[in-house]
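This report concerns only the one structure given below.
The values are calculated or read from the model by the stated rules, or taken from the named source; none is laboratory data. From a predicted model like this one, the values you see are computed outputs, not experimental measurements. When we count neighbours, we look across all protein chains shown, and the Cβ atoms used for this are built from the backbone with ideal geometry, even at glycine. The area values use the complete protein model at the heavy-atom level, side chains included, leaving out ligands, DNA and RNA. Shrake-Rupley method; radii C 1.70, N 1.55, O 1.52, S 1.80 Å.
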Amino acid sequence: MTQNQPLEAASEGPVTARRDAAEVLPELAPRTPAGAGALPQRLADLEAKVAAAISRGRSAATLRAYRSDWADFTTWCATVGLEALPAAPATVAGYVAEMASPPDDRSPAAVSTITRRLAAIGEGHKVAGYPNPCTEVVVRETMKGIRRILGVAPRPKKAVATADVRAAVGPLGTSLLDTRDRLVLLLGFAGAMRRSELVGLDVADVEEVDEGLLVHLGRSKTDQEGVGRRVEVVYGTEASTCPVRAWRAWLAASGICEGPVFRPVDRHGRLSPRRLTPQAVAIVVKRHMAGLGYRSADFAGHSLRRGHATTAARNGASERTIMRTTGHTSTATVRGYVEDGELFSDPASRYLEL
């Protein structure tokens, strides 16, 4: 096998970029080379095990993003008449440069998006047996310039404060949709949960204890090995904003006793057996924040989690306490929340006597 010959082509002849984009990347595993005297069925079993192990090493969201990013890259290459696999380093550099400065009226892509696209391109080349063009000097220098132009500072969504949550759930009634949305907002905020963690909850994951709710979370964005963590959710000071009472009200109204906690409710008030999607959590947050007069674009599902950490920090919670709930393993992100929570609490400009 030559250096430029893809693994898939070793026994089946040349393959096209389209086939690799559709088949190789989603598999995210190279073909296992055949050994002398090896049993075909055993090799096939080993291939399946390797593919499964590699796929499980990445979250489902990462796999979806890689497939989408790879499709975008191959489409761009076809449009400009360049080869996607193997791609020349100059091709990749041109692709990311155009993402940073589109030829039409589209906004530039965020640096984080461009970086993820490069990861997908590199992964596609690796599993197909080609050198990674993203590591070449021309691509690295192009990215260095893009970072200087666009900047790398994150553009976080706004945090939801306790007052916002109170105002949002206050007008909600007793319909199935309102009861579900109330729990989404209150449990998501009180438990500092990612939207994927929230919709991933099953009834069996939530335990009622004397102090409130003990929520058992399994695999998450930063816990792909599924070690899990427990989140303590205490009773609220007011019945209307108590996450524990909202939990009980939802189970009673929906009749759910097992399986997914959060499920779609159609416009006729009918409950679906399916699990609510992470995107639906963002829609719930946006809708209720817009109802308070905010720009919905400023909020997302993460606003509940960010709001929990920021508000807790503002009210004196320690980093350790916040991290125990959020599951962060590094203080860097949490300290960002603490800094946000301390804004205008003691600004230096107050001492200037202007």
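Could you check segment 61-73 and list, in sequence order, the residues that are open to solvent by less than 40 Å² (accessible area, probe 1.4 Å) and either of a type in the set (Lys, Arg) or modelled with pLDDT of 90 or more (or both)?
Phe73
Does Glu258 satisfy the criteria of being more than 21 Å from Ala204 (Cα to Cα), without any contact (Cβ under 8 Å) to a residue 60 or more places away in the chain and surrounded by fewer than 19 Cβ atoms within 10 Å (Cβ to Cβ)?
On the way: more than 21 Å from Ala204 (Cα to Cα): no; without any contact (Cβ under 8 Å) to a residue 60 or more places away in the chain: yes; surrounded by fewer than 19 Cβ atoms within 10 Å (Cβ to Cβ): yes.
Judged against the criteria, Glu258 is not a match.
Of all the residues that make up segment 97-125, how many are assigned to a helix (DSSP H, G or I), closer than 16 Å to Cys77 by Cα and not small (Gly, Ala, Ser)?
7
Of all residues being open to solvent by less than 50 Å² (accessible area, probe 1.4 Å) and touching a Ser or Thr at 6+ places or on another chain (Cβ under 8 Å) in segment 147-161, which is modelled with the lowest pLDDT? Just the residue, please.
Quick first cut of segment 147-161, residues open to solvent by less than 50 Å² (accessible area, probe 1.4 Å) only: 151, 159-161.
Retained after the next criterion (residues that are touching a Ser or Thr at 6+ places or on another chain (Cβ under 8 Å)): 159-161.
Values: Ala159: 87, Val160: 91, Ala161: 90.
Across segment 147-161, the extreme among qualifying residues is Ala159.
May I ask you to list pairs of residues, at least six apart or on different chains, whose Cβ atoms are under 7 Å apart, with the first in segment 309-332 being over 20 Å from Thr162 (Cβ atoms) and the second being basic (Lys, Arg) and modelled with pLDDT under 85?
Gly327/Arg229
Yes/no per residue for (1) on the phi > 0 side of the Ramachandran plot; (2) in contact with a strand residue (DSSP E or B) (Cβ under 7 Å, 6 or more places away or on another chain):
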residue: Ile283; (1), (2): no, no
residue: Arg287; (1), (2): no, no
residue: Gly293; (1), (2): yes, no
residue: Ser303; (1), (2): no, no
residue: His308; (1), (2): no, no
residue: Ile322; (1), (2): no, no
residue: Gly327; (1), (2): yes, yes
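Go through segment 126-146 and give me each residue that's surrounded by 18 or more Cβ atoms within 10 Å (Cβ to Cβ), over 24 Å from the mean Cα position of the chain (by Cα) and either under 16 Å from Ala90 (Cβ atoms) or acidic (Asp, Glu) (or both). I'd like the intermediate steps shown before the answer.
Filtering segment 126-146 for residues surrounded by 18 or more Cβ atoms within 10 Å (Cβ to Cβ) gives 127-130, 132-134, 139, 142-143, 146.
Retained after the next criterion (residues that are over 24 Å from the mean Cα position of the chain (by Cα)): 128-130, 132-133, 139, 142.
Matches in segment 126-146: Tyr130, Asn132, Pro133, Val139, Thr142.
Are there any pairs, at least 6 apart or on different chains, whose C-beta atoms fall under 6 Å, with the first in segment 92-114 and within 13 Å of Gly145 (Cα to Cα) and open to solvent by 20 Å² or more (accessible area, probe 1.4 Å) and the second of a type in the set (Ser, Thr, Tyr) and in a helix (DSSP H, G or I), and if so, which?
Ala97/Thr142
Would you mind finding the one in Leu185, Leu198, Leu177 that is open to solvent by less than 70 Å² (accessible area, probe 1.4 Å) and farther than 23 Å from Val334 by Cβ?
Values: Leu185 fails: farther than 23 Å from Val334 by Cβ; Leu198 fails: farther than 23 Å from Val334 by Cβ.
One residue alone meets the criteria, Leu177.
If I ask for residues that are open to solvent by less than 90 Å² (accessible area, probe 1.4 Å), outside any loop (DSSP other than H, G, I, E, B) and at pLDDT below 75, which ones from segment 296-354 would you list?
Thr331, Ala332, Thr333, Val334, Gly336, Tyr337, Val338, Asp340, Gly341, Ala348, Ser349
Out of Arg248, Arg275, report the one residue that is open to solvent by 40 Å² or more (accessible area, probe 1.4 Å), basic (Lys, Arg), out of contact with any helix residue (DSSP H, G or I) (no Cβ under 9 Å at 6 or more places or on another chain) and closer than 18 Å to Val206 by Cα. Don't jump to the end; show me each part of the working.
Details: Arg275 fails: out of contact with any helix residue (DSSP H, G or I) (no Cβ under 9 Å at 6 or more places or on another chain).
It is Arg248.
With the structure loaded, tell me whether Val285 is modelled with pLDDT of 90 or more, more than 17 Å from Ala167 (Cα to Cα), open to solvent by less than 60 Å² (accessible area, probe 1.4 Å) and aliphatic (A, V, I, L, M) or whether it fails that test. Break it down into steps so the answer makes sense when it comes.
Values: modelled with pLDDT of 90 or more: yes; more than 17 Å from Ala167 (Cα to Cα): no; open to solvent by less than 60 Å² (accessible area, probe 1.4 Å): yes; aliphatic (A, V, I, L, M): yes.
It is false that Val285 is modelled with pLDDT of 90 or more, more than 17 Å from Ala167 (Cα to Cα), open to solvent by less than 60 Å² (accessible area, probe 1.4 Å) and aliphatic (A, V, I, L, M).
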